[in-house]
Amino acid sequence: MKFGMNHIHLKSKDARKTAQWYVENFGARIVEEVRINGPLTVRTDLGGVRINITEPPPGGIPAGDSSVKLGLEHFGIETDDLDGVMASLQKKRVKVLEPVRTLATGMRIAFVEAPDNVRLELMQPV
């Protein structure tokens with residue numbers, strides 16, 4: 001059997017606004033907008049990984065949070081300029097959850113809060 005990553009799926013109060021945040025901050029590309037059984041889904045491509053962003057159904061869903069927890073804890077975006085990305089995000093007042101640090105492997109990482117309380121790891125490999 002063969003497997004590969006297909007997509008990450010986010011829920012958002014405003015799918016277009018959230019998709020635009022990924023476009024502006026990480027160079028994502030909006031692929032299409034569709035309505036599947038009602039709610040709007042904006043499909044984006046970020047470095048070959050699809051991120052689907054869907055608005056909640058009528059009646060809503062509970063809010064999440066960006067804390068460390070069991071289950072899906074975060075997803076990571078790789079960059080070749082972590083300091084530049086962090087400076088840009090801080091100018092835009094993006095909440096920094098964990099500042100830049102260097103792991104024993106030499107990889108540098110940081111965590112920020114994306115729209116809708118998503119915990120996002122930014123990483124710069126060696």
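What is the dipole size for region 66-126, taken about its Cα centre, with +1 at each Lys and Arg Cβ and -1 at each Asp and Glu Cβ, in debye to the nearest 20? Mind showing how you got there, number by number?
Numbers: 8 positive and 9 negative charges, 54 e Å.
My answer is approximately 260 debye.
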### Task
Give me D for region 1-59 in µm² s⁻¹, whole number, from Stokes-Einstein with Rh from the Kirkwood sum over alpha-carbon pairs, 25 °C and 0.890 mPa s.
209
### Those lysines that a straight Cα-Cα span of less than 21 Å connects to Lys95, excepting residues fewer than 8 apart in one chain
Lys11, Lys13, Lys17, Lys69
#### Entry: Lys/Arg +1, Asp/Glu -1 at C-beta; the chain dipole; positive extreme among Pro39, Val100, Leu72
Pro39
### Query
Angle, helix 82-91 long axis vs. longest principal axis of the chain, Cα atoms, 0 to 90°, nearest 10?
60
### Query
Highest GNM mean-square fluctuation, the chain, Cα pairs closer than 10 Å: which of Asp14, Asp65, Asp45?
Asp65
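At 222 nm, what value in deg cm²/dmol follows for the chain if DSSP H runs of at least 4 each add -39500 (n - 2.57) and the sum is divided by all its residues, to the nearest 500?
Value at 222 nm, helices only, nearest 500: -5500 deg cm²/dmol.
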### Task
Give the Rg/Rh ratio for the chain, taking Rg as the radius of gyration of the Cα atoms and Rh as the Kirkwood radius, to two decimals.
0.98
### Query
Restricting attention to region 89-126, which trypsin sites (Lys or Arg not before Pro) occupy a DSSP loop and are surrounded by at most 13 other Cβ atoms within 10 Å?
Lys92, Arg93, Lys95
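Coordinate-derived values only; no laboratory data. Note that the structure is predicted; figures quoted are calculated from it, not measured. Glycine gets a Cβ as well: all are built from the backbone with ideal geometry, and neighbour counts include every protein chain shown.
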